[in-house]
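The values are calculated or read from the model by the stated rules, or taken from the named source; none is laboratory data. Everything numeric here is computed off the predicted structure, so don't read it as measured data. Every residue, glycine among them, receives a Cβ derived from its backbone with ideal geometry; neighbour counts consider all protein chains shown. Note: areas computed on protein heavy atoms with side chains; ligands, DNA, RNA excluded. Shrake-Rupley method; radii C 1.70, N 1.55, O 1.52, S 1.80 Å.
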Amino acid sequence: MSIAAQPLTRLTEFDPEDEYRPEPEPEALPPAWLDGSTRIGIHTSIAGGHRNALETARKLGCNALQIFSANPRQWQGGSARIPEVDAQAFRARRAELGLGPLVIHANYLINLASPQPMLRVRSIQAFHDEIVRGISLGADFLVVHPGTRGEATCAQAVATVIESVKQASKRASLGGMRILLENTAGMGTCLSSRLEEMAEVLAGLNGFPVDVCLDTAHLFASGYDIRSEEGLASTIGQIENTIGLERVPVMHINDSKIPLGGRVDRHEHIGKGKIGVEAFRRILQHPRLSATPLEGLAGRVFIAETPIDDPGDDRKNVAMLWDLAGLKDIAPAAEKGFSMLTASLKRKMDVQRAVEKRNAAAVARREAVEGRKKSEERSLHSAGRLLRRSEAEKQMHRPAPVGMTGGADSGERAKVAKIAAKTTKRVAPKKKAKRVSGASGKRTRG
């Protein structure tokens, strides 16, 4: 039985169908928070782990959030790196909850404008670490205060900030994350309380992924009257003419305890400060400040950095923002009774504040007593000098004995004057002088 003859394929022939053609990578879809919807969040705590901040934002009724990546008041507030397993879990959970954008606020100690070489180098390294942690967590924005200029001029400080940002971002691929410079209230020699200063920094960082975060309390304290309708319109015009609204993807929404132009950074609950509830209604509903194209900027987020004096203050401030935005009915549901400040934590904080207050009062009393003692010692020393000088002058003016010639009298007076001069220069004895205390006239030790 024979097998049917089959055509043989030459091994050297190439069949195009056999070629491996890798499928092209699918284009990345834009994140959900860029859909033009209003994004409202609050600064949440990372105590217990970064993932806890996500759960907190959800329970407070947010669809966005801001966090610290490490302790903000220590140079080494944590490891410069976040373990990849933790970072991956954070990113996955954030995607499940649909929270975005994610804003990270940099360490408060960082001073990119510092004229002091050591502080500036330390600040650049700390900010580089912030960039690395932000990339690991998948952050969208990294907010930083430019810092204080000290004795440097504004022009020198602007140049220093520009160079510091360039140095810190070396060897760090930012990917989709953008650095945001935050405006300040203008305390002391803080840079960027004026929009023109921020525009100069942006111009010097042309080509770098750097934009701006505007804080309402800082704007108001530095002299921009966003409280009235006319003042808000004027401020928006100034923003457009300097940095451009398209470069403001994040706004910190805070009321101010400080009046207009007070140049002090003190945040207050929404609607309970000097800016007022109606001003925030206008801000949150202004088409130019919204997240809705074409007038607004897709993905723009409003982040509250309001105080938490009592349990529930955080939840109430978030709810107030949704209400003033006119979106109360479609806002994410908040967990009833939840707060970052629990009743037990508040009691501990109250005790700590009371202790600190007592300690401060005790220190003030000690300083006052020491001040009075020094004042009394100076008075006694001065009185002793006056007494000795008086005695010397008496001797100088004492009449000469009868029968003494003018020449002898002059010589005697010269001797007395020399003795008086030595007496006035004499150092007070180390033994404490006696002083009269009270109306009784009893002498006590100083």
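May I ask which of Lys59/Lys346; Lys257/Lys357; Lys59/Lys170 have a Cα-Cα span longer than 31 Å here?
Working: Lys59/Lys346 19 Å; Lys257/Lys357 21 Å; Lys59/Lys170 38 Å.
Over 31 Å Cα-Cα: Lys59/Lys170.
Calculate I(q)/I(0) for segment 178-325 by the Debye formula, one identical point scatterer on each C-alpha and no solvent, and give its log10 at q = 0.13 Å⁻¹ to two decimals.
Once normalised to I(0) and log-transformed, intensities are -0.54.
For segment 143-239, which whole percent of the accessible surface, found with a 1.4 angstrom probe, sits on carbon and sulfur atoms?
Details: 1820 of 3600 Å².
The value for segment 143-239 is 51 percent carbon and sulfur by accessible area.
What distance in nm separates the simple spin-label points at Gln156 and Leu327, each placed 7 Å from Cα in the Cβ direction?
Computed distance between label sites Gln156 and Leu327 equals 4.6 nm.
Name the residues whose placed amide hydrogens come within less than 5 Å of the amide hydrogen of Asp211, ignoring near sequence neighbours (fewer than 5 apart) on the same chain.
Correct list: Ile179, Leu180, Leu181.
On a straight-distance basis, which aspartates and glutamates could pair with Lys166 in a cross-link, Cα separation under 16 angstrom, same-chain partners fewer than 8 positions away excluded?
Asp129, Glu130, Glu200, Asp211
Non-local amide H neighbours of Leu65 (under 5 Å, H modeled in plane, Pro and chain starts lacking H): which ones?
Hits under the 5 Å cutoff: Gly100, Val103.
Trypsin sites (Lys or Arg not before Pro), restricted to segment 142-207: which are DSSP loop and have at most 10 other Cβ atoms within 10 Å?
Sites meeting the loop and neighbour criteria: Lys170, Arg171.
Can you list the HN-Hα couplings for segment 181-193, worked out from phi with the Karplus curve (6.51, -1.76, 1.60; θ = phi - 60°), rounded to whole Hz and with x for Gly and Pro?
Computed from phi, the couplings for segment 181-193 are 8, 9, 6, 10, 7, x, 5, x, 10, 4, 7, 6, 7 Hz.
Show me 27-34, 128-135 ranked by packing, highest mean number of other Cβ atoms within 10 Å first.
128-135, 27-34
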